[in-house]
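Shown next, in structure tokens, is the structure this report addresses.
The values are calculated or read from the model by the stated rules, or taken from the named source; none is laboratory data. Just so you know, these numbers come straight off a predicted model, no measurement behind them. Glycine gets a Cβ as well: all are built from the backbone with ideal geometry, and neighbour counts include every protein chain shown.
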Amino acid sequence: MPSSSSSTPRPQMIQLSCIMLLLAVFTFAISGCSKLKSDNSGGGHTGASSDNSNTASSKTAPPAAAGSGTPTTWEAKAASLNGAVGQTFTVACAPGGTTYSVWGSDVYTADSSICTAAVHSGLLSFEQGGTATIEIRPGRSIYGASERNGVATGSYGSWDSSFVFKTPNTEAVLREADEQTPVLWDTSAIILRGESGKTGKFKCPPNGKERSVWGTDTYTEDSSICNAAVHAGKFTRESGGSVTIEIRPGESTYRGSIRNGVTSNDYAAYGRSFVVK
């Protein structure tokens, strides 16, 4: 009978079709997994960690100029590295930096911002960031001040640890710092701490600004070093220059005068003073 003969093989055909379909799916899955493994192991990548690190670096790491330095924040100080004298560190400052406090010029106090000091030294910029290598140095009795590359640093007296940037001219920079201390026109002789008779040589930048001076020939310790030098005839505000001063005991009175375009003021007793050598 046609109806019974045609219905008999139908379950076998369905079963065979299902088996073939399962075999096809299984074969496709194996080949697909093999391809995925091949793709992930090729192209020079070493695994998922490389992909993850590349994604993170595109968002947070410093620019290519930053190289292999240790990422650091702009407010980070050299003192936080806990380095010994002579030890060096390479840090990477991220782009879009912000100004933080710096004391010194070429030789900086250890509590100064490393990245901001690097901008002051001309090694990188706030906009682009970059890397800089510092060397921990012993403390100094005096730290100068200067304005460079949009950063004005502060002067300071004795501080027990310092740092410099490692560049081809590091030693020349250190010799210059030892020979004379750069100061700004508002820097007073108070930074030259010490007993009477102590001397210091300072360098005043050109195009100086008028700042207060008290006395004539002998000046109160809180008088501007650079303006006292102009008053004493060592150089002009326009030219700037080098000056050596000596700490002296205080006097009972200080008489002001007008000399070389500088008006100094009278003052009563003051505990310490200085003279221009």
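Beta carbons closer than 6 Å, at least 6 apart along the sequence or on distinct chains, pair a first residue in region 137-159 that is closer than 12 Å to Thr187 by Cα with a second that is among the basic types (Lys, Arg) for Gly157/Arg193.
Go through region 253-277 and give me each residue that's surrounded by 13 or more Cβ atoms within 10 Å (Cβ to Cβ), within 9 Å of His231 (Cβ to Cβ) and small (Gly, Ala, Ser). Ser257, Ser264 - these are the residues of region 253-277 that are surrounded by 13 or more Cβ atoms within 10 Å (Cβ to Cβ), within 9 Å of His231 (Cβ to Cβ) and small (Gly, Ala, Ser).
For first residues located in region 108-135 and assigned by TED's automatic domain parsing to the domain that holds Pro71 and touching a residue at least 12 places away in the same chain (Cβ under 8 Å), partners that are buried (at least 20 other Cβ atoms within 10 Å of the Cβ) and acidic (Asp, Glu) and lie 6+ apart or on another chain with Cβ distances below 8 Å form the pairs Ser121/Asp106. Glu210 falls short of the stated requirement of being modelled with pLDDT under 95 and acidic (Asp, Glu).
It is to be established whether one or more residues within region 106-119 are touching a Pro at 6+ places or on another chain (Cβ under 7 Å) and either of a type in the set (A, V, I, L, M, F, W, C) or over 23 Å from Ala145 (Cα atoms) (or both). Reasoning before the result, please.
If we filter region 106-119 for residues that are touching a Pro at 6+ places or on another chain (Cβ under 7 Å), which is where we start, we get none.
Within region 106-119, not a single residue is touching a Pro at 6+ places or on another chain (Cβ under 7 Å) and either of a type in the set (A, V, I, L, M, F, W, C) or over 23 Å from Ala145 (Cα atoms) (or both).
Here Ala79 fits the description: surrounded by fewer than 20 Cβ atoms within 10 Å (Cβ to Cβ), in contact (Cβ under 8 Å) with a residue 24 or more places away in the chain, assigned to a helix (DSSP H, G or I) and more than 10 Å from the chain's Cα centre (by Cα).
Of the strands (runs of 3 or more DSSP E) entirely within region 88-157, those holding at least 2 residues that are buried (at least 23 other Cβ atoms within 10 Å of the Cβ) occupy 107-109, 130-140. When you scan region 199-218, do you find a residue that is closer than 24 Å to Ala76 by Cβ and in contact (Cβ under 8 Å) with a residue 40 or more places away in the chain, even just one? Looking for residues that are closer than 24 Å to Ala76 by Cβ and in contact (Cβ under 8 Å) with a residue 40 or more places away in the chain, one finds none in region 199-218, hence no.
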